[in-house]
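The values are calculated or read from the model by the stated rules, or taken from the named source; none is laboratory data. Note that this is a predicted model, so its numbers are computed, not measured. For neighbour counting, all protein chains shown are included, and Cβ atoms are generated from backbone atoms with ideal geometry for every residue, glycine included.
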Ligand SMILES: Cc1cc2nc3c(=O)[nH]c(=O)nc-3n(C[C@H](O)[C@H](O)[C@H](O)COP(=O)(O)OP(=O)(O)OC[C@H]3O[C@@H](n4cnc5c(N)ncnc54)[C@H](O)[C@@H]3O)c2cc1C
């Protein structure tokens, strides 16, 4: 079941600033190794350790925060040849897969056996299992299937000294801390994941998608909170602020000032019908207007790249998305203050939506666009916007990232990790990799990590310095 190899020459990952920085620049030959076996990978990592070179694992290079950006030379190790689906165990609902498998290939292999992973990030076709684990990725149907942390049951990884770690597979961790869980969000710093066993599900028999427009964002958040906390469990739930609702509903009749809400239920037909009825009653009580076609339109376009990525070549244009996590009690304040910060720092457009929900709160995903005089000014504003958003998120005590990870762009935000936690994190890292062979710069607080954008003199840091 080996998938076709996707090309992965690493000119950049999908971090907009790095994409912008490399436009029109002839790509240098990257130092890219492509091991075809775990033994070959172990030899490469061991050789790098001996020679003091840093190793950066590369999956689909689709991360959007600069996880693969390194300010110093390093050896990139692509997992693209480690891409086999090894075993689909329908009875125990697990799939064991090599880490370089792309999401779309894996999902099609599962669908052929009437199973699904349930992990559908917008980047399904361009991201890999290893990348999902390393960035703590999340798919759009997280209400039913959770994030990659809920899917991951066991893994194998090549450690910094070339040894191979294999964690046990059981329906629940047996005792002691879960080593597999430590690799979630580690951004390649603990080991190169070679294989993972993930939870899978029978394909649901019934699927319902529906949409409404609520009178306001507070009304939409209120009804969503009650649905989630009372256990109605939508497989997918999305709430758009006024600006993004407007963009979403362009060309349709819309209620001014309204907030679009899209949801989906999946499962047994009778259960789905009952959930849908309960949701309809809740929406009607909240004064919502039905807007069902919006749900179909969203579903059709769910894997399309965001519009700002398609405009990145335009002179003076840059855009990005920033994800944060909020408790319910701060959701509105966080949305308001971060939207204001983005606009105050020169964004020409700013949209926000809530798309992953928990008993205690949700994610907020801000999309911003900058239309500046030239690329230099665009990059300047870009840095100011990121710094302002991180500062406001920290001031409110929010989680400064939800599912995109830390990468290069959030490394300055790590500086505010409390000292005891920072010291402990460093000691844990020492235990895995005392010589910092793996992903040396990742998860390391730093202000001086931005790529030089051609014609860009300086990008401000949150501290007010410059990253020229
Ligand atoms: C259009 C678009 C839509 C997106 N939508 C979503 C979305 O819906 N949800 C979401 O969560 N993200 C989304 N992303 C972000 C991105 O797809 C995720 O961050 C994804 O998990 C990255 O996987 P990758 O294989 O491309 O990893 P890469 O970008 O190649 O690497 C990311 C990090 O993982 C490490 N890594 C990769 N493979 C391994 C391995 N085998 N072992 C150890 N470390 C490894 C790398 O060293 C790096 O630190 C989107 C990106 C784009 C461009």
Checklist entry - Do we have residue 270 as within 16 Å of the ligand (Cβ to nearest atom), more than 20 Å from residue 145 (Cβ to Cβ) and either within 22 Å of the chain's Cα centre (by Cα) or not in a loop (DSSP other than H, G, I, E, B) (or both) here? => result no
Next on the checklist: Checking the structure you have, find out if any residue of the stretch 240-248 is touching a residue at least 12 places away in the same chain (Cβ under 8 Å) and assigned to a loop (DSSP other than H, G, I, E, B).
Outcome noted: yes
Next on the checklist: Checking residue 220 against (1) surrounded by fewer than 24 Cβ atoms within 10 Å (Cβ to Cβ); (2) outside any strand (DSSP E or B); (3) in contact (Cβ under 8 Å) with a residue 12 or more places away in the chain: exactly one of these is not met. Which one?
Outcome noted: (1)
Checklist entry - Could you list, in sequence order, the residues of the stretch 159-180 that are assigned to a loop (DSSP other than H, G, I, E, B) and closer than 17 Å to residue 57 by Cα? => result 159, 160, 161, 162, 163
Item to check | Leading residue by the ranking (nearest to the ligand (Cβ to nearest atom)) among those in the stretch 120-150 that are assigned to a helix (DSSP H, G or I) and surrounded by fewer than 24 Cβ atoms within 10 Å (Cβ to Cβ) | outcome: 126
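Can you find even one residue in the stretch 375-384 that is under 21 Å from residue 240 (Cβ atoms) and in contact (Cβ under 8 Å) with a residue 60 or more places away in the chain? Before you say what the answer is, go through the steps one by one.
Filtering the stretch 375-384 for residues under 21 Å from residue 240 (Cβ atoms) gives none.
Within the stretch 375-384, none of the residues are under 21 Å from residue 240 (Cβ atoms) and in contact (Cβ under 8 Å) with a residue 60 or more places away in the chain.
Select, from 259, 245, 290, the only residue that is in contact with a helix residue (DSSP H, G or I) (Cβ under 6 Å, 6 or more places away or on another chain) and either over 18 Å from residue 349 (Cα atoms) or in the same structural domain as residue 213 (by TED's automatic domain parsing) (or both). First the steps, then the outcome.
Working: 245 fails: in contact with a helix residue (DSSP H, G or I) (Cβ under 6 Å, 6 or more places away or on another chain); 290 fails: in contact with a helix residue (DSSP H, G or I) (Cβ under 6 Å, 6 or more places away or on another chain).
The match here is 259.
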Next on the checklist: Going residue by residue through the stretch 181-194, is there one that turns out to be closer than 18 Å to residue 147 by Cα, assigned to a loop (DSSP other than H, G, I, E, B), assigned by TED's automatic domain parsing to the domain that holds residue 148 and more than 10 Å from the ligand (Cβ to nearest atom)?
Outcome noted: yes
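Go through 370, 389 for me and flag whichever is surrounded by 16 or more Cβ atoms within 10 Å (Cβ to Cβ), farther than 29 Å from residue 234 by Cβ and in contact with a helix residue (DSSP H, G or I) (Cβ under 7 Å, 6 or more places away or on another chain). Before the answer, list the steps.
Details: 389 fails: farther than 29 Å from residue 234 by Cβ.
Every option except 370 fails the conditions.
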Checklist entry - What pairs can you find where one residue is in the stretch 77-106 and without any contact (Cβ under 8 Å) to a residue 60 or more places away in the chain and more than 15 Å from residue 132 (Cα to Cα), the other is more than 12 Å from the ligand (Cβ to nearest atom) and part of a strand (DSSP E or B), and their Cβ atoms are less than 6 Å apart, with a gap of 6+ or different chains? => result 87/96
Checklist entry - What pairs can you find where one residue is in the stretch 117-141 and modelled with pLDDT under 95, the other is more than 6 Å from the ligand (Cβ to nearest atom) and outside any loop (DSSP other than H, G, I, E, B), and their Cβ atoms are less than 6 Å apart, with a gap of 6+ or different chains? => result none
Checklist entry - For the stretch 129-159, what are the residues that are out of contact with any strand residue (DSSP E or B) (no Cβ under 6 Å at 6 or more places or on another chain) and within 23 Å of residue 411 (Cα to Cα)? => result 131, 132, 134, 135, 136, 137, 148, 149
Checklist entry - If we scan the stretch 295-304, do we find a residue that is under 30 Å from residue 24 (Cβ atoms) and in contact (Cβ under 8 Å) with a residue 12 or more places away in the chain? => result yes
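Okay, residues lined up against (1) modelled with pLDDT under 95; (2) farther than 29 Å from residue 313 by Cβ; (3) away from the ligand (no atom under 11 Å from the Cβ):
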site	(1), (2), (3)
23	yes, no, yes
47	no, yes, yes
70	yes, no, no
84	no, yes, yes
87	no, yes, yes
Next on the checklist: Tell me whether the stretch 98-115 contains one or more residues that are out of contact with any strand residue (DSSP E or B) (no Cβ under 6 Å at 6 or more places or on another chain), within 8 Å of the ligand (Cβ to nearest atom), under 27 Å from residue 362 (Cα atoms) and not in a strand (DSSP E or B).
Outcome noted: no
Item to check | Search result, residues across the stretch 338-363 that are part of a strand (DSSP E or B) and closer than 18 Å to residue 141 by Cα | outcome: 353, 354, 357, 361, 362, 363
